[in-house]
Amino acid sequence: MNAESNRYLLIGEFDSFLIGLFSRRGEVIWVSSLEEALNQTGAFTAIMLEKNKFSQEISKELSTHYPQTPIIVSNGDRPNEPPPAVRFVPFYKLLSEEIEREEKLARIELRVEELRRVHSDAKRMLILLHDNPDPDSIASALALRTLLKRNKQTAIIGHLGEKVSRPENVAMIELLEIDLEKLVPKDLKEFDSIALVDVQPTFFGNLLPEVDTVIDHHPPSGSYKARFCEIKSQEGATSTILTCYLRAAQVEISERLATALLYGIKTDTISLNRDANPDDIEAFTFLYPLANLALLRRIERAEMPPKELKSFAQALANYWIQNNILFVNLGKVEREYLIPKMADFSIQVKGIEWSVAFGIVSNTHLVISVRNVGYVKSAGRIVRDLFKDIGSAGGHRSAAKAIVPITRLKKVIGSTSQASIKKWITEIFSRALVEKTDSDN
């Protein structure tokens, strides 16, 4: 909301200096009583309530009358059980640029209350992740459960894929004692409320045409029904969105949760070097002193089994470069995480702008991981254009992933031999990236 459209309702005895400051930020309506406040018309950016005017009853009346307007109490002491969507801000913050952040958090807190109402009647809810849970999705699920004031009995964190195998992710789950259940599609009927984090319903095909909540940082994907939806593709991690929600709702963030969220942001943005924006940096900075950094180092230094190191070495012996794209074929792999790990490693090669790593997982799917240097075309857009009609695909500017069932792959290229897949992958990426470059010039 820009300065021309900002409107503030101030209730109580405020210093003229403060009113002057707010007048510079927008229109100010200054009243002395609740009755006058309730007689105003139009929408307000925020309601500023002088501390001597605050009471639970007054805040409830204001919230009922202005349901979409955050309430900020000036210089008031925060009660043990503050009313929903009411913030208590020290006077010095009202005089600084920090008030803008407080207004933002106050507006987000209204969204949090909306989210809580969606799941308030659920006896047993599911927080569902994508099939290959990563630190960002796991941390976000843990944060959502905390935000909704639930526990592992009333809010299950689950996924439909194979057992988590990436060493760092296994270490995160074990060291932070996170309960993560492996489900099958029929299990979904056992829950009376479903929330998706770090993924959208279209990822699951037609399995979930309607859900209660979707919170994700990936670009919007397809059409679906959700009672509450928060898609912020400008954020580098879903953990950033949930950290902001927790702060807005003034929820105490434990050391365990802070460590998980910090790791989620760190991995999805590669330590703030990939697709990170100011919100990611602010969330990271906020979480850093709250997290257990020694435990985080143990998670990051999880051991790789010698067998998988051998797979890595074999893959590196089978790479090729074309049009500044480094391709790596891992062949048949037991652990899917080796594919994105190889893509991450390959993008570091001098002179390379794109890396494409791929392999067949469980003899059922071709998994493709794509990385780029960040200042070229969007990896997510290119992957969606190439694979959206034959599998699931998505991602961000510098990282993307596609999964293609082997049965569909065979219909497209006529064969699932390694030679055929290698030729096909090389051709479609080389053509797509050259076409993108030519069309932009």
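The values are calculated or read from the model by the stated rules, or taken from the named source; none is laboratory data. Please read these numbers as outputs of a predicted model, since none were measured by experiment. Glycine gets a Cβ as well: all are built from the backbone with ideal geometry, and neighbour counts include every protein chain shown.
The rows are residues; the columns are (1) touching a residue at least 24 places away in the same chain (Cβ under 8 Å); (2) surrounded by fewer than 17 Cβ atoms within 10 Å (Cβ to Cβ); (3) farther than 22 Å from Ala399 by Cα.
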site: Ala291; (1), (2), (3): yes, no, yes
site: Tyr319; (1), (2), (3): yes, yes, no
site: Ile325; (1), (2), (3): yes, no, no
site: Asn329; (1), (2), (3): yes, no, no
site: Met342; (1), (2), (3): yes, no, no
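I'm trying to understand the selection: among the residues of segment 267-326, which are at positive phi and either in the same structural domain as Ile339 (by TED's automatic domain parsing) or of a type in the set (A, V, I, L, M, F, W, C) (or both)?
Answer for segment 267-326, where residues must be at positive phi and either in the same structural domain as Ile339 (by TED's automatic domain parsing) or of a type in the set (A, V, I, L, M, F, W, C) (or both): Ile270, Leu272, Asn323, Asn324.
Within segment 321-353, take every residue that is of a type in the set (S, T, N, Q) and not in a loop (DSSP other than H, G, I, E, B) and give me the one that is nearest to Ser430 (Cα to Cα).
My answer is Gln322.
Among Asp212, Asp187, which is the only one that is among the acidic types (Asp, Glu), assigned to a strand (DSSP E or B) and within 16 Å of Met125 (Cβ to Cβ)?
Asp212
Condition first: touching a helix residue (DSSP H, G or I) at 6+ places or on another chain (Cβ under 7 Å), over 16 Å from Leu196 (Cα atoms) and modelled with pLDDT of 85 or more. Now tell me which residues in segment 97-120 satisfy that.
Leu105, Ile108, Glu109
Of the numbered conditions (1) in contact (Cβ under 8 Å) with a residue 24 or more places away in the chain; (2) in a helix (DSSP H, G or I); (3) of a type in the set (Ser, Thr, Tyr), Thr69 satisfies every one except a single condition; which is it?
Against the list (1) in contact (Cβ under 8 Å) with a residue 24 or more places away in the chain; (2) in a helix (DSSP H, G or I); (3) of a type in the set (Ser, Thr, Tyr), Thr69 comes up short only on (2).
Run down Lys123, Lys163 and say which single residue is touching a Ser or Thr at 6+ places or on another chain (Cβ under 8 Å), surrounded by fewer than 17 Cβ atoms within 10 Å (Cβ to Cβ) and under 30 Å from Ile178 (Cβ atoms).
Just a single option satisfies the conditions, and that option is Lys123.
Residues checked against (1) of a type in the set (S, T, N, Q); (2) in a helix (DSSP H, G or I):
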{"position": "Leu262", "(1), (2)": "no, yes"}
{"position": "Ile265", "(1), (2)": "no, yes"}
{"position": "Asn273", "(1), (2)": "yes, no"}
{"position": "Ala276", "(1), (2)": "no, no"}
{"position": "Ile281", "(1), (2)": "no, yes"}
{"position": "Phe284", "(1), (2)": "no, yes"}
{"position": "Pro289", "(1), (2)": "no, yes"}
{"position": "Arg298", "(1), (2)": "no, yes"}
{"position": "Glu308", "(1), (2)": "no, yes"}
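Hey, among the residues in segment 392-414 that are at pLDDT 90 or above and of a type outside the set (A, V, I, L, M), which one's surrounded by the most Cβ atoms within 10 Å (Cβ to Cβ)?
Lys401
So, Ile58, is that one surrounded by 14 or more Cβ atoms within 10 Å (Cβ to Cβ) and either within 30 Å of Asp279 (Cα to Cα) or touching a Cys at 6+ places or on another chain (Cβ under 6 Å) (or both) or not? First the steps, then the outcome.
Numbers: surrounded by 14 or more Cβ atoms within 10 Å (Cβ to Cβ): yes; either within 30 Å of Asp279 (Cα to Cα) or touching a Cys at 6+ places or on another chain (Cβ under 6 Å) (or both): no.
No; evaluated as a whole, the condition is false for this residue.
Exactly one condition in (1) crowded, with 19+ Cβ neighbours inside 10 Å; (2) part of a helix (DSSP H, G or I); (3) aliphatic (A, V, I, L, M) is false for Ala357; which is it?
(2)
Please list, ordered by first then second residue, the pairs with beta carbon atoms under 7 Å, 6 or more apart or interchain, first in segment 364-389 and under 19 Å from Leu338 (Cα atoms) and in contact (Cβ under 8 Å) with a residue 24 or more places away in the chain, second of a type in the set (Ser, Thr, Tyr) and part of a strand (DSSP E or B).
Short answer, once both residue conditions are applied: Arg371/Ser355.
What is the one condition in (1) aliphatic (A, V, I, L, M); (2) more than 17 Å from Cys229 (Cα to Cα); (3) surrounded by fewer than 20 Cβ atoms within 10 Å (Cβ to Cβ); (4) touching a Pro at 6+ places or on another chain (Cβ under 7 Å) that Leu183 does not satisfy?
Unmet condition: (4).
In a loop (DSSP other than H, G, I, E, B), of a type in the set (A, V, I, L, M, F, W, C), in contact with a strand residue (DSSP E or B) (Cβ under 7 Å, 6 or more places away or on another chain) and surrounded by 13 or more Cβ atoms within 10 Å (Cβ to Cβ) - does that describe any residue in segment 28-44?
There is at least one residue in segment 28-44 that is in a loop (DSSP other than H, G, I, E, B), of a type in the set (A, V, I, L, M, F, W, C), in contact with a strand residue (DSSP E or B) (Cβ under 7 Å, 6 or more places away or on another chain) and surrounded by 13 or more Cβ atoms within 10 Å (Cβ to Cβ).
Within segment 184-199, track down each residue that is in contact (Cβ under 8 Å) with a residue 40 or more places away in the chain and not charged (D, E, K, R).
Those that are in contact (Cβ under 8 Å) with a residue 40 or more places away in the chain and not charged (D, E, K, R): Leu188, Phe191, Ser193, Ile194, Ala195, Leu196, Val197, Val199.
Return yes or no: is Ser420 buried (at least 16 other Cβ atoms within 10 Å of the Cβ), assigned to a helix (DSSP H, G or I) and over 25 Å from the mean Cα position of the chain (by Cα)?
no
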